[in-house]
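The values are calculated or read from the model by the stated rules, or taken from the named source; none is laboratory data. Small disclaimer: the values here were computed from a predicted structure and weren't measured. Note that each Cβ is placed from the backbone with ideal geometry, even for glycine, and that neighbours are counted across all protein chains shown. Heavy atoms of the whole protein, side chains included, go into the accessibility calculation; ligands, DNA and RNA do not. Shrake-Rupley method; radii C 1.70, N 1.55, O 1.52, S 1.80 Å.
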Amino acid sequence: VKACVAALDDVSWARRVAGATSLAELCDINVLSPIARPINEGTSKQSAENAARAKRRAKAANLALKSCLSLLIKPRLWSGKTEVVKTTVKVAAKWALIDQSPFALGWSESTPCPWLPIVIGPSGNVTDLFVDDNYFEKTLQKEEEEDGMKKEETEEDKEGDETDTEAQIDFVEGDKMLDATNADSAEDAVVELDSTTVSFQGLCRVMLDQALPCVPRKSDALSTDEVLPFKAAALEGLADLLKVVNTTETEGVLQEMYNLVGYRLFSVVDTEKLLVKESDLMETQPPLIVSRAIDSLNASIFTGFGASGEPLQNVLQVAKVFQNA
């Protein structure tokens, strides 16, 4: 697992893909899965051995999930990043509903297990990507600050154009910008994160942001061949994660996730503006993205849907949207 994580941290795209693919294969053969609970605990020695195995697996899955996710949230889209999406979802799905008993994790303290790979956070807490990191609010604040700086720079450029209309074009600076865009650099490697346990709600939100960003990414225009499969994989991953919590024990979580992701998904599907405002509609998406959005919406439908009377839960309108899509 450590070798795979080291590959994810490499500047080579090929090594990153190899690392992500290897981790996915480890998931398929249940190496990165919780250990099976035996019928009986057996001797104290056997119990200790099982606890040690559970701890090793939980730590390995924690490291793999954190590394994949910290690479995934980087804004740049590169060839093969789709594999990172698939691996992230596979690892998370294995551990999303795991019980937090000492047997399952090898942790006997009363405090939360530090190597728990993923946890379903408390209701209403949708601002964390990793537990207590407040990732989404910090990201929003950073984007607002950058927008403010861009506006100031635009105003300064306009003033400069008015005072010096015959200024020479700086081709050297332009070349530097192109080099920075095309070159592989360490800055595009894995982001260092303080927290270790992923928030399930935050992971679903990341998948939605990767597939249907509120603000278009610059890299999407530079990597058109990679955009469609990447967005499709992110939406497919969102649907797979929602299916994991589609159980009677987690109905509240599924309802919360529908309220979180439903409106943006409908902004792709609702061409008749039955549930979404015209100003919020996204530009026309390829059929594959529309299909994946519908799959995610289907996966988020919960028991008791429509009982609250909220506009987004109007059964008749939702049915019409699906029919027109």
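Scanning the range 53-100 for residues that are hydroxyl-bearing (S, T, Y) and closer than 17 Å to S12 by Cα yields S67, S70, S79, T82. Residue by residue through the range 2-34, note down the ones that are among the β-branched types (V, I, T) and in contact (Cβ under 8 Å) with a residue 60 or more places away in the chain. Passing the criteria: V5, V11, V17, T21.
Apart from one condition, R53 fits all of (1) surrounded by 20 or more Cβ atoms within 10 Å (Cβ to Cβ); (2) out of contact with any helix residue (DSSP H, G or I) (no Cβ under 9 Å at 6 or more places or on another chain); the exception is (1). Are any of the residues in the range 223-237 modelled with pLDDT of 95 or more, open to solvent by 30 Å² or more (accessible area, probe 1.4 Å) and under 25 Å from N314 (Cα atoms)? There is at least one residue in the range 223-237 that is modelled with pLDDT of 95 or more, open to solvent by 30 Å² or more (accessible area, probe 1.4 Å) and under 25 Å from N314 (Cα atoms). Residue pairs whose Cβ atoms lie under 8 Å apart, separated by 6 or more positions or on different chains, with the first residue in the range 62-73 and farther than 18 Å from V17 by Cβ and the second open to solvent by 10 Å² or more (accessible area, probe 1.4 Å) and part of a helix (DSSP H, G or I), are L63/K2; L63/V5.
The helices (runs of 4 or more DSSP H) found wholly in the range 1-86 and carrying at least 2 residues that are among the charged types (D, E, K, R) and modelled with pLDDT under 90 occupy 44-72. Taken over the range 243-276, the residue count meeting the criterion of being small (G, A, S) and free of Cβ contacts under 8 Å to residues at least 24 places away in the same chain is 0. Taking the criterion of being over 22 Å from the mean Cα position of the chain (by Cα) and more than 22 Å from A233 (Cβ to Cβ), the residues of the range 282-314 that qualify are T303, G304, F305, G306, A307, S308, G309, E310, P311, L312, Q313, N314.
Close contacts from the range 301-321, counting a first residue that is under 24 Å from L241 (Cα atoms) and a second that is of a type in the set (D, E, K, R) and assigned to a loop (DSSP other than H, G, I, E, B), with Cβ to Cβ under 9 Å and a gap of 6+ residues or different chains, come to V321/D270; V321/E272.
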